[in-house]
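A short write-up of the structure that comes next.
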Amino acid sequence: MSRFFKFILSVTLLILFSLVSQLTYSQSISIADFGVKPDTYENITPRIQKIIDEAIARHSTELVFPKGRYDFWPDGAIRAKYFVSNTSTEEEDSTKTKTIGMLFKKAKNLTIDGNGSLFIFHGKMTTIVLDQCENLKLQNIHIDFERPTMSEMRYAKVSEQGVDLEIHPDAKYSISNGQLIWHGEGWKTSHFHGVEFDTTLKTMRYSDWKTFNGSRATQISPNLVHFDTPSGFKPKQGNILTVRDIIRDQVGLLILQSKNITLEDVGMHYMHGLGIVSQYTENITMHRVTCAPREETKRIIASSADFMHFSGCRGQITIEDCKFSGAHDDPVNVHGTNLRMIEKMDNNRLKLRFMHGQSYGFNAFFAGDTVAFVHASSMIRFEKGIVKAVERISDRNVIITFQNVVPTGLEANDCVENMTWTPQVLIKNNYFTRTNTRGILLTTPRKAVIENNIFYRTGMSAILIEADAEGWYESGPVRDVTIRNNQFIDCAYQGGPGNAVIGINPSNKIADFKKPVHSNIRIENNVFTTFDFPVLYAKSTEGLVFSGNTIIRSNTLPPQSENKKMFYFNGCSRVEISNTKMSGDVLGRNINIENMPKSNLKVTGSKKLAIE
């Protein structure tokens, strides 16, 4: 064979090899290439999972869904065991099995583009799981459920003879022996939790289904049911009652032990159990994520609990240009987990326990992590340690071996907090409304900025900073928080620490200004439009600055709290209030202090504020 023909053959083989390689490891995969079409209303769950696995195996960089509607059913879905923070107890959900619509496991450098598609899920499902993924992006996707596990109904008529409920068409039900039963695709409600939405005041308050559960139900016409309620039961006609099952057996979307994850232009229009849960993940960006019902459904609730829940994450969390409307719990919660010491095994070994019923079983420590030892009674981090080894001995208990001896000052019920897995946080340009609880819960020792957001009628404090070694065991003390240029409108009508718009409330039992839990919190240039007295409640905080803020009296809701103080400080030090502007008939122009000398509070440029 001549050299020329050898050359031609070599070039041809190279071209063929290149074409085969491109076919095998194509950069972009469309589900249309595998025969999956939109708008068929067929169950695509098992077929999509095979395509996902193929995309990961090929190292593809893009998985594309042509625009349309895609339906996901539990039939053929992957069922896998996942322990998820803040979800369910052993009694509520012993198996921890998640029914997963789309599982991305160990995917890298992949973008999933829905092109504006609507993903409709059926039954009880966890829509998407990102497990040990890296550099993954979800974009242009809308997620909803055909039959949400939330049932919504309107008080159509209220009289001495009872109550007529106009039931939303998506809320499936039946009546058996005079009792209304909520059910869906493969489930029925047995544990009732109610929240009522006032359609006039745009507020949400806890309610109860017991009255209806104990009253005889009679169908008047499709989706209109009469209840023979007691004569003294007088709900507000026109209000909307929302009812869910409290068991958090699935979550909206799970991001687990991953890195560099982005959600952009994503709509989460209903999530069952808990919302988007990010757990021990590094660097998360939520950009233009809408957590709210689709307008065409005319629903008002989009999640049966939190919208975005971050547990034990690190790196940078960014939540920007998002909308939160219609949660049965907090739109955003960022925290770690305190594990209680239950036994000292050796001078460098401790047995630790997950204490809260709904948070356990997940990996909370890794070799090389830096931890803090925390006095539970004071919530003070008093020494650090480095993890050498982790031994899981049960779903509740782990044994940690440290590189050095543990502190001699450890006391009964003290906790260990993972400091390595704590994030920086930016929450910017978001809109929070229609929740009966808080807007943001935040506990991280790293830099956190909350700016340019609107909080409209959150039921409790718009922003709550705790640190807890007694209740939820959500760590821990903050060290650098800036809250600036936000608008707070008629918040905390249902509760929160002191009914304040911003609450700083660690769980330490004794507030000692010489032993602060939190430090370096700046609240600057915000506008508080409030119907009630309290604006700021702070406990055990050092270096607290309230500067350049405007407080405007609103008359949209009647004052409700017993606390008549605008500011309440308990065991705080180096507190500064400066240049506070007040407009209208502002209530409670006074400051209450406890467990601290007046010398630890400085007030300048704020007329008519009195210290009591």
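Every number in this text was worked out from the coordinates using simple rules, so none of it is lab data. What you see is a predicted model; the values in this text were computed from it and never measured. Positions of Cβ are generated from backbone atoms using ideal geometry, with glycine treated the same way; all protein chains shown enter the neighbour counts.
Once the other residues with Cβ under 12 Å from the Cβ of Lys188 are scored (Lys, Arg +1; Asp, Glu -1), what is the net sum?
Cβ neighbours under 12 Å give a net charge of +1.
Rounded if a/c is under 1.5, else prolate if a/b is larger than b/c, else oblate: which is the chain, with a ≥ b ≥ c the root eigenvalues of its Cα gyration tensor?
Oblate, because a/c is 1.5 or more while a/b does not exceed b/c.
Any idea how far the Cα center of the range 203-219 sits from the one of the range 273-318, in Å?
29 Å
Just rank Ile342, Ile489, fewest to most, by other beta-carbon atoms within 10 angstrom.
Ranking Ile342, Ile489 by Cβ neighbours within 10 Å, fewest first, gives Ile342, Ile489.
Name the residues whose placed amide hydrogens come within less than 5 Å of the amide hydrogen of Met345, ignoring near sequence neighbours (fewer than 5 apart) on the same chain.
Leu350, Lys351
Output the direction-averaged projected area (hull surface divided by four) of the convex hull of the alpha-carbon atoms of the range 196-250, in nm².
Over all viewing directions, the range 196-250 projects a mean Cα-hull area of 5.4 nm².
Suppose the chain between Thr200 and Thr401 were pulled fully straight at 0.36 nm per residue; how much longer would it get relative to their current alpha carbon spacing?
Here the answer is 66.6 nm.
Got the relative contact order for the range 126-244 handy, in percent, Cα pairs under 8 Å and 6 or more residues apart?
With pairs under 8 Å counted, the relative contact order is 33 percent.
So for the range 39-193, what are the equivalent ellipsoid semi-axes in whole Å, largest first, each being the square root of 5 times an eigenvalue of the Cα gyration tensor?
Gyration-tensor ellipsoid for the range 39-193: 36, 19, 13 Å.
Among 400-408, 251-259, what's the highest-first ranking by average C-beta atoms within 10 angstrom per residue?
The packing order, highest mean first, is 251-259, 400-408.
Only Lys, Arg, Asp and Glu count, each charged at its Cβ (+1, +1, -1, -1), so figure out the dipole size of the range 100-258 about its Cα centre, rounded to 20 debye.
240 debye
Below 8 Å, C-alpha to C-alpha, sequence gap of six or more: please give me the relative contact order for the range 438-611 in percent.
18 percent
Can you tell me the Rg and Dmax of the range 339-418, counting just the alpha carbons, in angstroms?
According to the Cα coordinates of the range 339-418, Rg and Dmax are 11.4, 32 Å.
What whole number of Å gives the distance from the Cα centroid of the range 518-552 to the Cα centroid of the range 27-77?
When both Cα centres are located, 49 Å separates them.
Fewest first, what order do Tyr456, Tyr537, Tyr280 take by the number of other Cβ atoms within 10 Å?
Going from least to most buried by this count: Tyr456, Tyr280, Tyr537.
Antiparallel versus total DSSP beta bridges in the chain: what percent is that, nearest 5?
Beta bridges within the chain, antiparallel portion: roughly 30 percent.
Work out from phi, with θ = phi - 60° and the Karplus expression 6.51 cos²θ - 1.76 cosθ + 1.60, the ³J(HN,Hα) of each residue of the range 341-346, listed in order in whole Hz, and give x for Gly and Pro.
6, 10, 6, 8, 7, 7
Among all the lysines, which ones have a C-alpha under 16 Å from Lys202's C-alpha, if same-chain residues fewer than 8 places away are not counted?
Lys236, Lys298
Could you work out the helix-only [θ] at 222 nm for the chain, with each DSSP H run of four or more residues adding -39,500 (n - 2.57) and the total divided by the number of residues, to the nearest 500 deg cm²/dmol?
-2000 deg cm²/dmol
So what J values fall out for the range 443-458 if you push phi through Karplus, 6.51 cos²θ - 1.76 cosθ + 1.60 with θ = phi - 60°, rounded to Hz, Gly and Pro as x?
Result, ordered by residue: 9, 8, x, 8, 4, 10, 10, 10, 9, 6, 9, 10, 10, 10, 6, 6 Hz.
With contacts defined as alpha carbon pairs under 8 Å and 6 or more residues apart, what's the relative contact order of the chain in percent?
This gives 8 percent for the chain.
If you place +1 on the Cβ of every Lys and Arg and -1 on the Cβ of every Asp and Glu, how big does the dipole about the Cα centre of the range 339-418 come out, in debye to the nearest 20?
I would put it at about 80 debye.
Could you point to the residue in Val603, Val478, Thr556 farthest towards the positive end of the range 438-611's charge dipole, with +1 and -1 charges on the Cβ of Lys/Arg and Asp/Glu respectively?
Working it through, the farthest residue towards the positive pole turns out to be Val603.
Just for the Cα atoms in the range 438-611, what are the lengths along the principal axes, largest first, rounded to whole Å?
39, 33, 29
With +1 on each Lys and Arg Cβ and -1 on each Asp and Glu Cβ, and nothing else charged, work out how big the dipole of the range 408-473 is about its Cα centre, in Debye to the nearest 20.
600 debye
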